[in-house]
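First comes the structure, then the notes that go with it.
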Amino acid sequence: MLALAPGVEVAHVSGAITAVTVRGFNQQIANKLLVLVDGRSVYTQAFSGVYWDMQNLMLEDIERIEVIRGPGSTLWGSNAVNGVINIITRSARDTIGGFGTIATGVEERTHAGLRYGWRMGEYGAMRVYAKREGYDASVTLGGRGAGDAFRSERVGLRGDWDLPHGDRITLAADHYRGGVGVAYQPTPTVPASRLLSPSGSFQGAFVLGRWQRALSLGSDVSVQLYHETFTRDEYSRIEDRTTDIELQHRTPVGDANELVWGMNWRHRVDASTSSRFDVFAPATADQSMFSVYAQNETRLLQGKVRLIVGARIENSYWNRWELQPTLRAIGAPDERTRVWASYSRAARTPSRLDRDAAARLPALGVTPGVAIHGNPEFRSERVDTFELGWRRRIGSQLGLDATVFHSRYDRLRTLRNWVTFSPFTANVQFTNAMEGTTSGAELSALWTVSPRWRLVGNLTLFNAALHDLDAPGSDAEGWAKGSSPRTQAGVSSYVDLGQGWSLDTRLAYVGALRRPNNESLVPDARVDSYLDATVRVGWRVDRHLELALVGRNLAAARRLEFVSELGAGVTLNQRSVYLKASYAF
């Protein structure tokens, strides 16, 4: 789903591990993209990123996915540096009755989901659901099994109530678990005998409550509380507990202004344990973060121009204050055209990895030991982004959208390296010594060819110019500049064939990654450009049953899409075909 949006990069790493980012800086755990599910942040502060293999939602329950390209920290909070992905699931009122789905095929192991919803009195509804999914192991560059098969299970519930006097209440809870294989890549400096655990597991649960009251026409207040705990055991065991409370108030101010303001408090505790080596020092952290924000929208010239001004002031986990403002102007020259311009600043607050890393592997024969040091002085990465946009509807059949952007980064994370001989150790420490710019354009078009045929196209152009001030031309600089393709393009076709049949196809082009070809780090790891093809043939047998045959990655039997900076990989994404049946009752 995410790969359909312009500006979003999605790449297979290993097994169920996926690298997802917006506007560059892609990594196994990309650290400049904030992701929320129904208002709950799934961004982990231990490593600064998202564990996508833990977000195994029932796709049929997703109402929409909002992709905000560019900084979004004023309303969404820190770490919304290059974008926000906001996944919103359907209200329980919209999922009354039963629904089941099952799929199986080549590479895609048996996937199954079951949901049942019912009304609760006059004002409410509830649903319960369960899902299981699994994937076969990928293969290495040499064609051997990589041992990175994946499975996951999730059970949960959601209830929604629309009460008299304008009150709305949502309650949700989930429990999830899974097992993930990690195909770590031996290198000359890290032989197979020293690789970390080739498999891992995770489990977690959350509970969320949200209350919203309409105070008047155009004014409302909401309070949201969630608590989540998860444990992930791969190369180390990480336990993470987060409690989050947010208040938001939206109100008109006079006849031409709408003000949104709020405050957020988040408390987290994490602990790391390992039988192999320590990860953090101290092993346990107890941290809190607080922020206040406000954004005002002013309508000018009879609503033809809207001016949005806002800012968030945040006291981070490390007791540093961050100011993250935004300024946006939107014009409507006519009913079919919108033009806009914006400036925004955002920050990525330091993770535990940045400041408290303390991982060590001892020397083995002539192979040096490896020590990764956190930096207690590590500060937030920052970006200032300027954007221009244009949107035009031509007739009733064609819509066009174009955005250009330029971002200036400072205090980006890079590495300081040195060697000690007693003991013989290669030392690595994180530091804020990289800066530079990125720029690009994102184009998309929607063409309704006929009532039964729709075409969607997109094109993304991207360029990065980054500089490691401590070590110009370093591998860290090269990996940061070359971690995202210069060009991505795609065309999707959706055809209603009649008699319940449908044909959906997508062709995509992804440019090469231009990272250093460091043979000592990752041998044979050049990621070339590639074409991708997906085809889905659907048949709605009746109002209850739908069948679908889906082929993915059809353009090549195997291909390399990404090489992790953490050592996971190098594995090939393979062609897959599966049959899916969905039944509503």
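The values are calculated or read from the model by the stated rules, or taken from the named source; none is laboratory data. On a predicted model such as this, the values are computed, not experimentally measured, just so you know. Positions of Cβ are generated from backbone atoms using ideal geometry, with glycine treated the same way; all protein chains shown enter the neighbour counts.
So T74 ticks every box in (1) within 19 Å of D244 (Cα to Cα); (2) assigned to a strand (DSSP E or B) but one. Which box is left unticked?
Checking T74 against (1) within 19 Å of D244 (Cα to Cα); (2) assigned to a strand (DSSP E or B), the one that fails is (2).
Select from the stretch 1-57 the residues that are in contact (Cβ under 8 Å) with a residue 40 or more places away in the chain, among the hydrophobic types (A, V, I, L, M, F, W, C), in contact with a strand residue (DSSP E or B) (Cβ under 6 Å, 6 or more places away or on another chain) and closer than 17 Å to R352 by Cβ and list them in ascending order.
Within the stretch 1-57, I29, A46 qualify.
Going through L545, L507, L513 one at a time, which residue ends up being modelled with pLDDT of 95 or more, crowded, with 17+ Cβ neighbours inside 10 Å and among the aliphatic types (A, V, I, L, M)?
Being modelled with pLDDT of 95 or more, crowded, with 17+ Cβ neighbours inside 10 Å and among the aliphatic types (A, V, I, L, M) holds for just one of L545, L507, L513, which is L507.
Can you tell which of G143, G100 is surrounded by fewer than 17 Cβ atoms within 10 Å (Cβ to Cβ), part of a strand (DSSP E or B) and not β-branched (V, I, T)?
G100
Could you tell me how many of the residues in the stretch 444-463 are more than 21 Å from the chain's Cα centre (by Cα) and aromatic (F, W, Y)?
2
Give the stretch 217-232 a look and list any residue that's part of a strand (DSSP E or B) and in contact (Cβ under 8 Å) with a residue 24 or more places away in the chain, or say none.
Our first condition is that a residue be part of a strand (DSSP E or B); within the stretch 217-232, this holds for 219-232.
Scanning the stretch 217-232 gives S219, D220, V221, S222, V223, Q224, Y226, E228, T229, F230, T231, R232.
Scan the stretch 236-272 residue by residue and report those that are free of Cβ contacts under 8 Å to residues at least 24 places away in the same chain and either buried (at least 17 other Cβ atoms within 10 Å of the Cβ) or at positive phi (or both).
Residue satisfying the conditions is G254 alone.
Give the residue that is nearest to the chain's Cα centre (by Cα), with candidates limited to residues of the stretch 119-170 that are under 21 Å from N56 (Cβ atoms) and of a type in the set (A, V, I, L, M, F, W, C).
F150
Take the residues in the stretch 85-97 that are without any contact (Cβ under 8 Å) to a residue 40 or more places away in the chain and out of contact with any Phe, Trp or Tyr (no Cβ under 9 Å at 6 or more places or on another chain), then tell me which one is surrounded by the fewest Cβ atoms within 10 Å (Cβ to Cβ).
D94
Among (1) over 25 Å from Q295 (Cα atoms); (2) in a strand (DSSP E or B), there is one condition G262 misses while meeting the rest; what is its number?
So the condition that G262 fails would be (1).
Of the residues S444, S439, S483, S492, which is crowded, with 16+ Cβ neighbours inside 10 Å and assigned to a loop (DSSP other than H, G, I, E, B)?
Details: S444 fails: assigned to a loop (DSSP other than H, G, I, E, B); S439 fails: assigned to a loop (DSSP other than H, G, I, E, B); S492 fails: assigned to a loop (DSSP other than H, G, I, E, B).
Residue meeting the stated conditions: S483.
Select, from A363, A402, A358, the only residue that is closer than 30 Å to V449 by Cβ, small (G, A, S), in contact with a Gly (Cβ under 9 Å, 6 or more places away or on another chain) and in contact (Cβ under 8 Å) with a residue 12 or more places away in the chain. So that I can check it myself, show each step before the final result.
Details: A363 fails: closer than 30 Å to V449 by Cβ; A358 fails: closer than 30 Å to V449 by Cβ.
After applying the criteria, what remains is A402.
Would the stretch 182-192 turn up any residue that is at pLDDT below 95, surrounded by 16 or more Cβ atoms within 10 Å (Cβ to Cβ), part of a strand (DSSP E or B) and out of contact with any Cys (no Cβ under 8 Å at 6 or more places or on another chain)?
Yes; the residues of the stretch 182-192 include at least one that is at pLDDT below 95, surrounded by 16 or more Cβ atoms within 10 Å (Cβ to Cβ), part of a strand (DSSP E or B) and out of contact with any Cys (no Cβ under 8 Å at 6 or more places or on another chain).
Name the residues in the stretch 273-300 that are more than 27 Å from the chain's Cα centre (by Cα), among the acidic types (D, E) and surrounded by fewer than 16 Cβ atoms within 10 Å (Cβ to Cβ), would you?
Matches in the stretch 273-300: D278 only.
From the set of residues in the stretch 26-66 that are small (G, A, S) and part of a strand (DSSP E or B), which is farthest from I372 (Cα to Cα)?
Per the criteria, the residue is S41.
What tally of residues in the stretch 451-480 results from selecting those that are over 30 Å from V563 (Cα atoms), in contact with a strand residue (DSSP E or B) (Cβ under 6 Å, 6 or more places away or on another chain) and surrounded by fewer than 15 Cβ atoms within 10 Å (Cβ to Cβ)?
Result for the stretch 451-480: 2.
Say whether the condition of being surrounded by fewer than 17 Cβ atoms within 10 Å (Cβ to Cβ) and under 30 Å from L300 (Cα atoms) is met by at least one residue in the stretch 352-367.
The answer is no, given that none of the residues of the stretch 352-367 is surrounded by fewer than 17 Cβ atoms within 10 Å (Cβ to Cβ) and under 30 Å from L300 (Cα atoms).
Starting from the stretch 62-74, keep only residues that are free of Cβ contacts under 8 Å to residues at least 40 places away in the same chain, then list their pairs with residues that are surrounded by fewer than 14 Cβ atoms within 10 Å (Cβ to Cβ) and part of a helix (DSSP H, G or I) whose Cβ atoms are within a distance under 8 Å, requiring at least 6 positions of separation or different chains.
From the stretch 62-74, the pairs are E63/D94.
Give the stretch 111-123 a look and list any residue that's surrounded by fewer than 17 Cβ atoms within 10 Å (Cβ to Cβ) and either among the small types (G, A, S) or not in a strand (DSSP E or B) (or both), or say none.
Residues satisfying the conditions are A112, G121, E122, Y123.
Name the single residue that is modelled with the highest pLDDT among those in the stretch 162-179 being over 15 Å from T89 (Cα atoms) and buried (at least 20 other Cβ atoms within 10 Å of the Cβ).
Ranking the candidates gives Y176 first.
Can you name the strands (runs of 3 or more DSSP E) wholly within the stretch 336-435 that have at least 1 residues being within 22 Å of the chain's Cα centre (by Cα)?
Result: 337-348, 381-394, 398-421.
Taking L398 as the residue in question, decide whether it is out of contact with any Lys or Arg (no Cβ under 8 Å at 6 or more places or on another chain) and surrounded by 15 or more Cβ atoms within 10 Å (Cβ to Cβ). Quick ask: steps written out before the conclusion?
Numbers: out of contact with any Lys or Arg (no Cβ under 8 Å at 6 or more places or on another chain): yes; surrounded by 15 or more Cβ atoms within 10 Å (Cβ to Cβ): no.
When the stated conditions are applied, L398 does not pass them.
Of all residues in the stretch 285-328, how many are outside any strand (DSSP E or B) and not charged (D, E, K, R)?
Going through the stretch 285-328 one residue at a time, the tally reaches 7.
Looking at Y235, is it outside any strand (DSSP E or B) and either of a type outside the set (G, A, S) or closer than 27 Å to Q55 by Cα (or both)?
Spelling it out, Y235 is indeed outside any strand (DSSP E or B) and either of a type outside the set (G, A, S) or closer than 27 Å to Q55 by Cα (or both).
Residue by residue through the stretch 301-330, note down the ones that are surrounded by 19 or more Cβ atoms within 10 Å (Cβ to Cβ), free of Cβ contacts under 8 Å to residues at least 24 places away in the same chain and out of contact with any Phe, Trp or Tyr (no Cβ under 9 Å at 6 or more places or on another chain).
none
So if I check each of N26, N79, N56, which one is of a type outside the set (G, A, S), farther than 25 Å from F150 by Cβ, modelled with pLDDT under 95 and surrounded by 20 or more Cβ atoms within 10 Å (Cβ to Cβ)?
N79
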